Amino acid sequence: MTNLISTYRTELMGVAILSILLTHLNCDLGSFALNRLALCCQGGVDAFFFMSGFGLYYSAQKGHSTLTFYKRRALRIFPSFLCLFATMMLIQHNFTWQRAFWGGTTLAYWFPATRQYMFGWFVSVIVLLYAAFPAYSRWFAAQRKLATATAVVTGLALTSIYAVYFMVLHPGGYNQYILAAARMPIFFIGIYAAWLLQQPCTKLRRNKIRAGLVAASCITLVLYNMAINQFGFMTMRNTGLLYLPFILIVPGVCVLLGLLFHKMGKHPITRFLLKMLRHAGQCTLEAYLLIGITYRFSTIVAQSLDTTNRTAKILIALLTLLSAWGVHTCIKYITNKIQLNHN
(Lines give C-alpha, C1' and ligand atoms only; values in the text may rest on other atoms or scores of the structure.)
Protein backbone atom coordinates (compact mmCIF):
# COMPACT_ATOMS: atom_id res chain seq x y z
CA MET A 1 0.00 0.00 0.00
CA THR A 2 3.06 2.24 0.03
CA ASN A 3 2.74 3.22 -3.62
CA LEU A 4 -0.89 3.05 -4.69
CA ILE A 5 -0.37 5.10 -7.84
CA SER A 6 2.21 2.64 -9.14
CA THR A 7 0.17 -0.40 -8.07
CA TYR A 8 -2.98 0.82 -9.79
CA ARG A 9 -1.42 2.82 -12.64
CA THR A 10 -3.26 0.87 -15.36
CA GLU A 11 -6.60 1.21 -13.55
CA LEU A 12 -5.99 4.95 -13.18
CA MET A 13 -5.36 5.15 -16.92
CA GLY A 14 -8.69 3.36 -17.35
CA VAL A 15 -10.46 6.05 -15.34
CA ALA A 16 -8.66 8.70 -17.42
CA ILE A 17 -9.87 7.30 -20.74
CA LEU A 18 -13.43 6.96 -19.43
CA SER A 19 -13.22 10.61 -18.42
CA ILE A 20 -12.08 11.62 -21.89
CA LEU A 21 -14.81 9.56 -23.55
CA LEU A 22 -17.32 11.42 -21.37
CA THR A 23 -16.00 14.93 -21.90
CA HIS A 24 -15.81 14.42 -25.68
CA LEU A 25 -19.53 13.58 -25.85
CA ASN A 26 -19.98 17.34 -26.11
CA CYS A 27 -23.72 17.28 -25.50
CA ASP A 28 -26.27 18.13 -22.84
CA LEU A 29 -26.31 15.22 -20.38
CA GLY A 30 -29.56 16.30 -18.77
CA SER A 31 -28.42 18.15 -15.68
CA PHE A 32 -26.00 20.88 -14.63
CA ALA A 33 -24.09 18.47 -12.37
CA LEU A 34 -23.48 15.93 -15.15
CA ASN A 35 -22.54 18.64 -17.65
CA ARG A 36 -20.05 20.14 -15.22
CA LEU A 37 -18.66 16.69 -14.44
CA ALA A 38 -18.11 16.12 -18.17
CA LEU A 39 -16.32 19.45 -18.43
CA CYS A 40 -14.06 18.64 -15.48
CA CYS A 41 -13.38 15.19 -16.94
CA GLN A 42 -11.13 16.78 -19.53
CA GLY A 43 -8.59 16.46 -16.73
CA GLY A 44 -8.29 12.88 -17.97
CA VAL A 45 -5.79 14.20 -20.53
CA ASP A 46 -3.72 15.71 -17.72
CA ALA A 47 -3.91 12.38 -15.91
CA PHE A 48 -2.48 10.75 -19.05
CA PHE A 49 0.49 13.10 -18.97
CA PHE A 50 0.98 12.63 -15.24
CA MET A 51 0.85 8.84 -15.48
CA SER A 52 3.09 8.86 -18.57
CA GLY A 53 5.79 10.77 -16.73
CA PHE A 54 5.27 8.55 -13.70
CA GLY A 55 5.65 5.37 -15.77
CA LEU A 56 8.70 6.63 -17.68
CA TYR A 57 10.60 7.17 -14.44
CA TYR A 58 10.13 3.52 -13.48
CA SER A 59 11.04 2.46 -17.00
CA ALA A 60 14.31 4.40 -16.72
CA GLN A 61 15.20 2.49 -13.53
CA LYS A 62 15.45 -0.75 -15.52
CA GLY A 63 18.70 0.43 -17.08
CA HIS A 64 17.74 -0.06 -20.73
CA SER A 65 19.75 1.73 -23.39
CA THR A 66 18.36 4.84 -25.06
CA LEU A 67 17.87 2.88 -28.27
CA THR A 68 15.85 0.21 -26.44
CA PHE A 69 13.78 2.93 -24.77
CA TYR A 70 12.92 4.53 -28.11
CA LYS A 71 12.18 1.16 -29.68
CA ARG A 72 9.71 0.22 -26.93
CA ARG A 73 7.95 3.56 -27.02
CA ALA A 74 7.72 3.47 -30.80
CA LEU A 75 6.24 -0.05 -30.76
CA ARG A 76 3.63 1.07 -28.25
CA ILE A 77 2.60 4.19 -30.14
CA PHE A 78 3.11 3.94 -33.88
CA PRO A 79 1.52 0.60 -34.88
CA SER A 80 -1.82 1.65 -33.35
CA PHE A 81 -1.43 5.26 -34.40
CA LEU A 82 -0.64 4.49 -38.04
CA CYS A 83 -3.34 1.82 -38.26
CA LEU A 84 -6.04 4.20 -37.02
CA PHE A 85 -4.65 7.13 -38.98
CA ALA A 86 -4.91 5.08 -42.17
CA THR A 87 -8.43 4.03 -41.18
CA MET A 88 -9.44 7.66 -40.73
CA MET A 89 -8.10 8.64 -44.16
CA LEU A 90 -9.89 5.66 -45.72
CA ILE A 91 -13.22 6.56 -44.10
CA GLN A 92 -12.95 10.24 -45.01
CA HIS A 93 -11.54 9.60 -48.51
CA ASN A 94 -8.95 12.32 -47.98
CA PHE A 95 -5.63 10.57 -48.58
CA THR A 96 -2.82 12.73 -49.91
CA TRP A 97 0.91 12.22 -49.62
CA GLN A 98 1.16 15.48 -47.66
CA ARG A 99 -1.41 14.24 -45.16
CA ALA A 100 0.27 10.84 -44.94
CA PHE A 101 3.68 12.40 -44.20
CA TRP A 102 2.76 15.26 -41.87
CA GLY A 103 0.00 13.40 -40.08
CA GLY A 104 1.74 10.03 -39.99
CA THR A 105 4.95 11.44 -38.51
CA THR A 106 2.91 13.41 -35.89
CA LEU A 107 4.71 16.58 -37.04
CA ALA A 108 1.55 18.28 -38.34
CA TYR A 109 0.64 19.68 -34.94
CA TRP A 110 3.84 21.71 -34.67
CA PHE A 111 3.47 23.70 -37.90
CA PRO A 112 0.42 25.90 -38.51
CA ALA A 113 0.59 25.36 -42.27
CA THR A 114 0.21 21.59 -41.88
CA ARG A 115 -2.12 21.43 -38.88
CA GLN A 116 -5.02 20.46 -41.14
CA TYR A 117 -3.32 17.06 -41.45
CA MET A 118 -3.09 16.50 -37.69
CA PHE A 119 -4.46 13.32 -36.15
CA GLY A 120 -4.51 13.47 -32.34
CA TRP A 121 -2.55 16.41 -30.92
CA PHE A 122 -1.88 14.40 -27.76
CA VAL A 123 0.24 11.91 -29.71
CA SER A 124 2.34 14.71 -31.22
CA VAL A 125 3.08 16.11 -27.79
CA ILE A 126 3.75 12.80 -26.07
CA VAL A 127 6.12 11.72 -28.87
CA LEU A 128 8.13 14.92 -28.34
CA LEU A 129 8.23 14.38 -24.57
CA TYR A 130 9.28 10.76 -25.04
CA ALA A 131 12.04 11.87 -27.41
CA ALA A 132 13.35 14.34 -24.82
CA PHE A 133 13.03 11.99 -21.85
CA PRO A 134 16.41 10.14 -21.99
CA ALA A 135 18.32 13.44 -21.89
CA TYR A 136 15.99 14.87 -19.27
CA SER A 137 16.31 11.68 -17.20
CA ARG A 138 20.07 12.14 -16.94
CA TRP A 139 19.61 15.76 -15.87
CA PHE A 140 16.93 14.72 -13.39
CA ALA A 141 19.23 12.11 -11.85
CA ALA A 142 21.89 14.78 -11.24
CA GLN A 143 19.67 17.75 -10.24
CA ARG A 144 16.14 16.63 -9.48
CA LYS A 145 14.70 19.81 -8.04
CA LEU A 146 16.32 22.10 -10.61
CA ALA A 147 15.28 19.89 -13.53
CA THR A 148 11.69 19.65 -12.31
CA ALA A 149 11.41 23.35 -11.48
CA THR A 150 12.85 24.37 -14.86
CA ALA A 151 10.47 22.12 -16.79
CA VAL A 152 7.42 23.25 -14.81
CA VAL A 153 8.30 26.95 -15.01
CA THR A 154 8.95 26.63 -18.75
CA GLY A 155 5.47 25.18 -19.26
CA LEU A 156 3.87 27.89 -17.15
CA ALA A 157 5.84 30.63 -18.94
CA LEU A 158 4.90 29.38 -22.41
CA THR A 159 1.25 29.16 -21.39
CA SER A 160 1.39 32.73 -20.06
CA ILE A 161 3.02 34.02 -23.25
CA TYR A 162 0.38 32.39 -25.45
CA ALA A 163 -2.42 33.66 -23.19
CA VAL A 164 -1.16 37.26 -23.28
CA TYR A 165 -0.63 37.14 -27.03
CA PHE A 166 -4.08 35.78 -27.84
CA MET A 167 -6.08 37.45 -25.08
CA VAL A 168 -4.41 40.87 -24.84
CA LEU A 169 -2.46 41.56 -28.05
CA HIS A 170 -4.84 39.67 -30.35
CA PRO A 171 -8.13 39.28 -28.45
CA GLY A 172 -10.39 36.47 -29.49
CA GLY A 173 -7.63 34.31 -30.90
CA TYR A 174 -6.67 30.80 -29.91
CA ASN A 175 -3.42 28.93 -30.19
CA GLN A 176 -3.30 25.13 -30.28
CA TYR A 177 0.16 25.23 -28.70
CA ILE A 178 -1.42 26.18 -25.39
CA LEU A 179 -2.69 22.59 -25.18
CA ALA A 180 0.90 21.36 -25.07
CA ALA A 181 2.37 24.16 -22.96
CA ALA A 182 -0.28 23.88 -20.25
CA ARG A 183 0.23 20.09 -20.01
CA MET A 184 4.04 20.13 -19.84
CA PRO A 185 4.22 20.78 -16.08
CA ILE A 186 2.06 17.80 -15.07
CA PHE A 187 4.21 15.41 -17.13
CA PHE A 188 7.39 16.42 -15.31
CA ILE A 189 5.58 16.51 -11.97
CA GLY A 190 4.66 12.88 -12.67
CA ILE A 191 8.36 12.03 -13.03
CA TYR A 192 9.17 13.77 -9.75
CA ALA A 193 6.23 12.09 -7.99
CA ALA A 194 7.49 8.65 -9.07
CA TRP A 195 10.93 9.40 -7.64
CA LEU A 196 9.45 10.81 -4.44
CA LEU A 197 7.33 7.73 -3.83
CA GLN A 198 10.43 5.56 -4.00
CA GLN A 199 12.05 7.37 -1.10
CA PRO A 200 11.92 5.87 2.44
CA CYS A 201 9.04 7.33 4.38
CA THR A 202 7.30 6.68 7.68
CA LYS A 203 3.64 5.73 7.66
CA LEU A 204 2.72 8.96 9.45
CA ARG A 205 4.57 11.14 6.93
CA ARG A 206 3.09 9.20 4.03
CA ASN A 207 -0.41 9.75 5.37
CA LYS A 208 0.28 13.46 5.82
CA ILE A 209 1.47 13.73 2.22
CA ARG A 210 -1.63 11.91 0.99
CA ALA A 211 -3.90 14.13 3.06
CA GLY A 212 -2.15 17.22 1.74
CA LEU A 213 -2.52 16.12 -1.88
CA VAL A 214 -6.19 15.26 -1.44
CA ALA A 215 -6.87 18.57 0.32
CA ALA A 216 -5.09 20.52 -2.44
CA SER A 217 -7.10 18.62 -5.03
CA CYS A 218 -10.45 19.33 -3.37
CA ILE A 219 -9.73 23.02 -2.75
CA THR A 220 -8.45 23.54 -6.30
CA LEU A 221 -11.44 21.74 -7.77
CA VAL A 222 -13.82 24.06 -5.91
CA LEU A 223 -11.89 27.16 -7.02
CA TYR A 224 -11.72 25.77 -10.55
CA ASN A 225 -15.49 25.51 -10.81
CA MET A 226 -15.93 28.97 -9.30
CA ALA A 227 -13.54 30.35 -11.93
CA ILE A 228 -15.49 28.70 -14.76
CA ASN A 229 -18.69 30.26 -13.42
CA GLN A 230 -16.99 33.66 -13.16
CA PHE A 231 -14.98 33.84 -16.40
CA GLY A 232 -16.65 31.31 -18.70
CA PHE A 233 -15.36 28.38 -20.69
CA MET A 234 -13.80 30.28 -23.61
CA THR A 235 -11.76 32.66 -21.46
CA MET A 236 -10.55 29.79 -19.29
CA ARG A 237 -9.59 27.80 -22.37
CA ASN A 238 -7.76 30.59 -24.18
CA THR A 239 -5.71 31.52 -21.11
CA GLY A 240 -4.77 27.95 -20.25
CA LEU A 241 -6.61 28.18 -16.92
CA LEU A 242 -8.92 25.41 -18.11
CA TYR A 243 -5.94 23.02 -17.94
CA LEU A 244 -3.34 24.35 -15.48
CA PRO A 245 -5.36 23.73 -12.27
CA PHE A 246 -5.14 20.00 -12.93
CA ILE A 247 -1.51 20.23 -11.86
CA LEU A 248 -2.92 20.34 -8.32
CA ILE A 249 -6.08 18.32 -8.93
CA VAL A 250 -4.74 15.17 -10.63
CA PRO A 251 -2.22 13.92 -8.00
CA GLY A 252 -4.79 14.09 -5.20
CA VAL A 253 -7.47 12.41 -7.29
CA CYS A 254 -4.99 9.62 -8.14
CA VAL A 255 -4.31 9.12 -4.43
CA LEU A 256 -8.03 8.97 -3.65
CA LEU A 257 -8.68 6.52 -6.46
CA GLY A 258 -5.70 4.42 -5.39
CA LEU A 259 -7.14 4.13 -1.89
CA LEU A 260 -10.54 3.25 -3.35
CA PHE A 261 -9.04 0.60 -5.65
CA HIS A 262 -7.17 -0.90 -2.70
CA LYS A 263 -10.49 -1.37 -0.91
CA MET A 264 -12.19 -2.67 -4.05
CA GLY A 265 -9.58 -5.38 -4.45
CA LYS A 266 -10.93 -7.13 -1.34
CA HIS A 267 -14.35 -8.03 -2.77
CA PRO A 268 -15.24 -10.24 -5.77
CA ILE A 269 -17.69 -7.84 -7.47
CA THR A 270 -15.47 -4.81 -7.15
CA ARG A 271 -12.47 -6.89 -8.24
CA PHE A 272 -14.34 -7.51 -11.48
CA LEU A 273 -14.83 -3.75 -11.91
CA LEU A 274 -11.11 -3.25 -11.34
CA LYS A 275 -10.41 -5.84 -14.02
CA MET A 276 -12.60 -3.93 -16.47
CA LEU A 277 -10.77 -0.70 -15.63
CA ARG A 278 -7.48 -2.51 -16.18
CA HIS A 279 -8.59 -3.58 -19.65
CA ALA A 280 -9.67 -0.02 -20.42
CA GLY A 281 -6.35 1.32 -19.15
CA GLN A 282 -4.41 -0.94 -21.50
CA CYS A 283 -6.01 0.53 -24.63
CA THR A 284 -6.07 4.23 -23.76
CA LEU A 285 -4.09 5.28 -26.83
CA GLU A 286 -6.39 3.40 -29.19
CA ALA A 287 -9.53 4.74 -27.50
CA TYR A 288 -8.26 8.31 -27.59
CA LEU A 289 -7.49 8.07 -31.31
CA LEU A 290 -10.77 6.32 -32.12
CA ILE A 291 -12.74 9.21 -30.63
CA GLY A 292 -11.72 11.28 -33.63
CA ILE A 293 -13.23 8.64 -35.93
CA THR A 294 -16.26 7.12 -34.20
CA TYR A 295 -17.78 10.25 -32.66
CA ARG A 296 -18.34 11.66 -36.15
CA PHE A 297 -21.12 9.13 -36.70
CA SER A 298 -23.36 10.19 -33.80
CA THR A 299 -25.93 11.88 -36.05
CA ILE A 300 -26.10 8.86 -38.37
CA VAL A 301 -26.52 6.49 -35.42
CA ALA A 302 -29.21 8.70 -33.86
CA GLN A 303 -31.19 8.75 -37.12
CA SER A 304 -30.74 5.02 -37.76
CA LEU A 305 -31.87 4.03 -34.25
CA ASP A 306 -34.45 6.83 -34.03
CA THR A 307 -33.00 7.98 -30.74
CA THR A 308 -31.59 11.17 -29.26
CA ASN A 309 -28.15 12.47 -30.12
CA ARG A 310 -27.13 12.04 -26.48
CA THR A 311 -28.09 8.35 -26.42
CA ALA A 312 -26.34 7.80 -29.74
CA LYS A 313 -23.15 9.39 -28.43
CA ILE A 314 -23.20 7.26 -25.27
CA LEU A 315 -23.61 4.12 -27.41
CA ILE A 316 -20.75 5.25 -29.63
CA ALA A 317 -18.57 5.87 -26.56
CA LEU A 318 -19.13 2.28 -25.44
CA LEU A 319 -18.47 1.01 -28.96
CA THR A 320 -15.30 3.12 -29.09
CA LEU A 321 -13.99 1.50 -25.92
CA LEU A 322 -14.74 -2.02 -27.16
CA SER A 323 -13.18 -1.27 -30.55
CA ALA A 324 -10.10 0.17 -28.86
CA TRP A 325 -9.65 -3.01 -26.85
CA GLY A 326 -9.97 -5.07 -30.04
CA VAL A 327 -7.45 -2.94 -31.95
CA HIS A 328 -5.01 -2.98 -29.04
CA THR A 329 -5.27 -6.76 -28.63
CA CYS A 330 -4.77 -7.45 -32.35
CA ILE A 331 -1.84 -5.07 -32.77
CA LYS A 332 -0.17 -6.34 -29.62
CA TYR A 333 -0.50 -9.91 -30.88
CA ILE A 334 0.96 -9.02 -34.29
CA THR A 335 3.87 -6.98 -32.90
CA ASN A 336 4.71 -9.72 -30.39
CA LYS A 337 4.72 -12.29 -33.21
CA ILE A 338 7.00 -10.11 -35.34
CA GLN A 339 9.38 -9.53 -32.43
CA LEU A 340 9.42 -13.25 -31.61
CA ASN A 341 10.23 -14.21 -35.21
CA HIS A 342 12.87 -11.47 -35.41
CA ASN A 343 14.58 -12.72 -32.26
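When L223, L241 are screened for being of a type outside the set (S, T, Y), assigned to a loop (DSSP other than H, G, I, E, B) and under 26 Å from Q42 (Cβ atoms), only L241 passes. Do the conditions hold for A182, that is, is it more than 17 Å from S52 (Cα to Cα) and hydrophobic (A, V, I, L, M, F, W, C)? For A182, the condition - more than 17 Å from S52 (Cα to Cα) and hydrophobic (A, V, I, L, M, F, W, C) - is not met.
Identify, please: which residue in the range 160-186 is of a type in the set (G, A, S) and modelled with pLDDT under 90 and is, among those, nearest to A108 (Cα to Cα)? Ranking the candidates gives G173 first. Among the residues of the range 193-207, is any buried (at least 20 other Cβ atoms within 10 Å of the Cβ) and part of a helix (DSSP H, G or I)? Yes, the range 193-207 contains at least one residue that is buried (at least 20 other Cβ atoms within 10 Å of the Cβ) and part of a helix (DSSP H, G or I). I'd like the residue in the range 248-284 that is of a type in the set (G, A, S) and more than 17 Å from the chain's Cα centre (by Cα) and, out of all such residues, is modelled with the lowest pLDDT. Selected residue: G265. Apart from one condition, S217 fits all of (1) touching a residue at least 60 places away in the same chain (Cβ under 8 Å); (2) surrounded by 15 or more Cβ atoms within 10 Å (Cβ to Cβ); (3) under 21 Å from the mean Cα position of the chain (by Cα); the exception is (1).
Might you check whether a residue that is farther than 29 Å from T68 by Cα, without any contact (Cβ under 8 Å) to a residue 60 or more places away in the chain and surrounded by fewer than 13 Cβ atoms within 10 Å (Cβ to Cβ) occurs anywhere in the range 156-166? Working first, answer last.
Taking the range 156-166 first, the residues farther than 29 Å from T68 by Cα are 156-166.
Then keep just the ones that are without any contact (Cβ under 8 Å) to a residue 60 or more places away in the chain; that gives 157-158, 161, 164-165.
When the remaining residues are screened for being surrounded by fewer than 13 Cβ atoms within 10 Å (Cβ to Cβ), the result is 157, 164.
Within the range 156-166, one or more residues are farther than 29 Å from T68 by Cα, without any contact (Cβ under 8 Å) to a residue 60 or more places away in the chain and surrounded by fewer than 13 Cβ atoms within 10 Å (Cβ to Cβ).
Name the helices (runs of 4 or more DSSP H) wholly inside the range 267-337 in which the number of residues that are surrounded by 20 or more Cβ atoms within 10 Å (Cβ to Cβ) and not polar (S, T, N, Q) is 3 or more.
Numbers: elements: 268-282, 284-294, 298-305.
Filter on the range 267-337 gives 268-282, 284-294.
Within the range 29-50, residues that are within 17 Å of I291 (Cα to Cα) sit with their Cβ atoms under 8 Å from residues that are at pLDDT below 90 and part of a helix (DSSP H, G or I), at 6+ positions apart or across chains, in these pairs: L39/F233. Taken together, A86, A74 contain a single residue that is under 18 Å from the mean Cα position of the chain (by Cα) and either among the polar types (S, T, N, Q) or surrounded by fewer than 20 Cβ atoms within 10 Å (Cβ to Cβ) (or both), which is A74.
Of W102, W195, W110, which residue is at negative phi and in contact (Cβ under 8 Å) with a residue 24 or more places away in the chain? Steps first, please.
Numbers: W102 fails: in contact (Cβ under 8 Å) with a residue 24 or more places away in the chain; W110 fails: in contact (Cβ under 8 Å) with a residue 24 or more places away in the chain.
On inspection, the qualifying residue turns out to be W195.
The residues listed here are L146, L156, L90; of these, the one that is more than 20 Å from G55 (Cα to Cα) and touching a Pro at 6+ places or on another chain (Cβ under 8 Å) is L156.
Within the range 26-45, does at least one residue satisfy the condition of being aromatic (F, W, Y), crowded, with 17+ Cβ neighbours inside 10 Å and over 25 Å from A211 (Cβ atoms)? Step through it out loud before you land on a result.
So in the range 26-45, the residues aromatic (F, W, Y) come out as 32.
The next check asks that each one be crowded, with 17+ Cβ neighbours inside 10 Å; those that pass are none.
No - not one qualifying residue is present in the range 26-45.
Taking every residue in the range 137-155 that is within 15 Å of I247 (Cβ to Cβ) and pairing it with any residue that is in a helix (DSSP H, G or I), at least 6 positions away or on another chain, the pairs with Cβ-Cβ distances below 6 Å are T148/F188; T148/Y192; A151/F188; V152/P185; V152/F188; G155/A181; G155/M184; G155/P185.
Taking the conditions exactly as written (in a helix (DSSP H, G or I), β-branched (V, I, T) and out of contact with any helix residue (DSSP H, G or I) (no Cβ under 9 Å at 6 or more places or on another chain)), does V214 satisfy them or not? So V214 fails the test.
In the range 191-212, the count of residues that are out of contact with any Lys or Arg (no Cβ under 7 Å at 6 or more places or on another chain) and closer than 19 Å to C41 by Cα is zero.
Which members of the range 108-138 meet the condition of being surrounded by fewer than 16 Cβ atoms within 10 Å (Cβ to Cβ) and closer than 20 Å to L67 by Cα? Even if it seems obvious, please write down each step before you answer.
The first filter runs over the range 108-138 and keeps only residues surrounded by fewer than 16 Cβ atoms within 10 Å (Cβ to Cβ), leaving 111-113, 115-116, 131-132, 135, 138.
Those that are surrounded by fewer than 16 Cβ atoms within 10 Å (Cβ to Cβ) and closer than 20 Å to L67 by Cα: A131, A132, A135, R138.
Could you please let me know if F81 is surrounded by fewer than 17 Cβ atoms within 10 Å (Cβ to Cβ) and at pLDDT 95 or above? Here the answer is no, as F81 does not meet what is asked.
Out of T220, T202, which single residue is modelled with pLDDT of 95 or more and more than 25 Å from L289 (Cβ to Cβ)? Reasoning before the result, please.
On the way: T202 fails: modelled with pLDDT of 95 or more.
T220 is the lone residue from the list that is modelled with pLDDT of 95 or more and more than 25 Å from L289 (Cβ to Cβ).
Could you tell me whether R183 is surrounded by 13 or more Cβ atoms within 10 Å (Cβ to Cβ), of a type in the set (K, R) and either more than 21 Å from Y243 (Cα to Cα) or in contact (Cβ under 8 Å) with a residue 60 or more places away in the chain (or both)?
Values: surrounded by 13 or more Cβ atoms within 10 Å (Cβ to Cβ): yes; of a type in the set (K, R): yes; either more than 21 Å from Y243 (Cα to Cα) or in contact (Cβ under 8 Å) with a residue 60 or more places away in the chain (or both): yes.
It is true that R183 is surrounded by 13 or more Cβ atoms within 10 Å (Cβ to Cβ), of a type in the set (K, R) and either more than 21 Å from Y243 (Cα to Cα) or in contact (Cβ under 8 Å) with a residue 60 or more places away in the chain (or both).
A157: at pLDDT below 95 and assigned to a helix (DSSP H, G or I), yes or no? In short, yes.
The values are calculated or read from the model by the stated rules, or taken from the named source; none is laboratory data. Predicted model, so just to flag it, every value in this text is computed and none were measured. Because the Cβ atoms are built from the backbone with ideal geometry, glycine has one as well, and the counts that use them run over all protein chains shown.
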